[in-house]
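The values are calculated or read from the model by the stated rules, or taken from the named source; none is laboratory data. Predicted model, so just to flag it, every value in this text is computed and none were measured. As a convention, Cβ positions derive from the backbone with ideal geometry for all residues, glycine included, and neighbour counts pool all protein chains shown. Areas reflect the complete protein model, heavy atoms only, side chains present, ligands, DNA and RNA absent. Shrake-Rupley method; radii C 1.70, N 1.55, O 1.52, S 1.80 Å.
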Amino acid sequence: MTTDWLTIKAGRDAWLQIQDNGLNADDIGLLLGASGGPKWFVLQGIDRYLFGEFFEQRTKPLDMLGTSAGAWRFASLGQADPVAASDLFCQLYRQQTYSAKPDVREITDEAIKLLHEYVPDSAVNDVLQQDKYRHHWIVTRCRGLTGKNGRRQIAGLLGSAAANAMSRRHLGRFYDRVIMHHPQSTVDFAKGWQDIPTYTVPLSTDNFKQALLATGSIPMVLEGVTDIAGAPPGMYRDGGITDYHFDLDLSAVNGLVLYPHFYHQVVPGWFDKSLKWRRTRGKQWPNVILMSPSPEFIASLPYGKIPDRTDFAKLSVEDRFKYWQQAVDHSQRMADQLREWIESGEIRQKIQLWT
């Protein structure tokens, strides 16, 4: 019997539509990409398939919403060759190296170097001038102590974590959600997002790289970005602080929401990782299709797990390079299986109702 490397779950509306029509590129209204550091390596095969042959069939613009690594992955779309750009990002990220005990400045400098290699100025112009792929990146505007550095930032993080444990709405005392968006997008799908203060700012040549760097600026790991051009003044950090795997109302999306995810659960915000009861489920997202590695896929990986940021400390550089490359190579299994299921219509039998 063939092993299922991929698990696909869908909310009721999406499940019913796929039962009737299968899955077509023009059915997708929004593509979601989560935070999670190098966990996304297991999605590289699916990204190559989606960014290449699958979305080439589209006849209308595609909205994308990403935070941190999700936003960086999607920055390939709209470039002259999205698949080549995605491969370049994967290569640059895999080959990151640091000193034995890197500080915040060193890690930030490496991120900036990667950013300029991955998205040169010419690519920024390409992305902003086309309208097939409309980027939306969430960056977090930090207020009070959360916008400071060192021990004061730690105090702010601890305070916001405690407030979040009581209610996610309390995050609004510490952070604003800022959606940096393609200049031709009206961001209609986000009109009702007021669980915390939310603002929208158009992407431009002046702020494109600032915003991309900010959405991946993990607190206490990278420095953050001060005063993004065109946005409210302040310190901007990782979009995953407020929207790690997302817990947003997606009912206004015009079409289905496709969510290739590295994890079988959806953790709303950065501070919710340890709050096992706080997860986003299919009943909240009837129009969402969630794709993730199956338990069999994860078991087939070296160390029986997907990559994560602890690999920098736990593995030698040589072992980490080898492991991450194997994860990327294995990811092609999921991509090949997804292609087969979509083209044959077998996706109707493989997709599970997500409750």
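Mean-square fluctuations from a GNM of the chain, with a 10 angstrom spring cutoff on Cα atoms, peak among Thr146, Thr242, Thr205 at Thr205. Extension gain for the segment His170 to Thr186, taken as residue separation times 0.36 nm less the Cα-Cα distance, is 3.0 nm to one decimal.
Remark on the chain: hydrodynamic radius 20.5 angstrom, per the Kirkwood mean of 1/r across alpha carbon pairs. In the context of the full set of protein chains, residues of the stretch 174-306 present 36 Å² of accessible surface per residue (probe radius 1.4 Å, heavy atoms only). Distance between the C-alpha centres of the stretch 269-297 and the stretch 1-21: 16 Å, rounded to the whole angstrom. Distance distribution note for the stretch 101-183: the fraction of Cα pairs above 15 angstrom is 72%.
Carbon-plus-sulfur accessible fraction, the stretch 126-256 (probe radius 1.4 Å, protein heavy atoms only): 51%. Heavy atoms of the protein chains alone define the surface here; on that basis the stretch 9-130 has 37 Å² accessible area per residue at 1.4 Å probe size. Per-residue extension of 0.36 nm, minus the Cα-Cα distance of Asp109 and Ala252, leaves a gain of 47.6 nm for this segment. Between the stretch 163-194 and the stretch 82-129, the C-alpha centres lie 26 angstrom from each other. The calculated FRET efficiency for the pair Tyr263 and Asp13, based on their C-beta separation and a Förster distance of 22 Å, comes to about 0.45. Volume per residue of the convex hull around the Cα atoms, evaluated for the stretch 119-159, comes out as 111 Å³.
Springs join every pair of Cα atoms under 10 Å in this Gaussian network model of the chain, and among Asp206, Asp27, Asp131 the largest mean-square fluctuation is at Asp206. Label 7 Å along Cα→Cβ of Ser344; the stretch 1-29 residues with amide nitrogen under 14 Å? Residues 1-6 fall inside that zone. Considering only Asn21, Asn125, Asn164, the Gaussian network model of the chain with Cα springs below 10 Å gives its largest mean-square fluctuation to Asn21.
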